[in-house]
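Below you'll find the structure, written out as structure tokens, and then a few comments.
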Amino acid sequence: MQQKTKNILLIVGLFCMLLIAYQYGFAKTFTLRSEVAKLEHEKDKYLAAPMQLAALTKKKQQLDAVLAKNNVEGNSVQQNLLKTLNTLSNTSNIKIIAFEEPHVFTNETTNEGTTTYDFILQGDYKALIQVIYALEQQYSFGNIARVKFEKKKNFRTGARYLQCRLLLQRLNQ
């Protein structure tokens, strides 16, 4: 045999030995190494869980404090708004005539939403202005988009009264 043939057979044999060694030894080692890395990552996450829990508890307390400062309780803004209107109507001399279903608009391009609450209040001018001021300044329900005062007459009794239609807009995330 010539030296060139011996070198070719040596290289082919070495390549076959590397293939067999990889198949039976190295491949298992690499899979075990990736499993060990995955388990160590899960262990780190498990050990970090108490710190994350403490941080989330602190964040929840801060958010609850912000909500309490802005006089918002619970999850439903519509329910909170109606509850606030009821308490304001009890303290002042107004009546809630209508509270319509909120209108939700979502912009397709930016995925930003706006919810508009529509309700009608009845009472004297000063009480209505105080309620509007309280809704916009003391409570964080949104912005007053439109206020329409309308003087009406009850034809049965001949009495006149003032109604106020409010549109309150809230931006959704």
Check your understanding: Residue separation times 0.36 nm, minus the C-alpha to C-alpha distance between residue 86 and residue 43: what's the value?
Key -> 10.2 nm
**Study point:** Gain on full stretching of the segment that runs from residue 10 to residue 140 - 0.36 nm per residue minus C-alpha separation
**Key:** 38.6 nm
**Study point:** Pairwise Cα inverse-distance average, inverted: Kirkwood Rh of the chain (Å)
**Key:** 22.8
Practice item. Calculate the tail of P(r) for the range 77-138: the fraction of all Cα-Cα distances greater than 13 Å, expressed in %. Key: 67
Revision key, fill the gap. Karplus-derived 3J(HN,Hα) from phi for the range 133-147 (6.51 cos²θ - 1.76 cosθ + 1.60, θ = phi - 60°), whole Hz, x at Gly and Pro, runs 4, 5, 5, 7, 9, 8, 10, 9, 8, x, 9, 6, 8, 8, 10
Review point. 222 nm [θ] for the chain, helices only, -39500 (n - 2.57) per DSSP H run of 4+, per residue, to 500?
Key: -17500 deg cm²/dmol
Practice item. Treat every Asp and Glu Cβ in the range 1-81 as -1 and every Lys and Arg Cβ as +1, leave all other atoms uncharged, and give the resulting dipole magnitude about the Cα centre to the nearest 20 debye. Key: 380
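Since every read-out is calculated from the coordinates, none of them should be taken as a lab result. Predicted model, so just to flag it, every value in this text is computed and none were measured. Neighbour counts run over all protein chains shown; Cβ positions are idealised from the backbone, glycine included.
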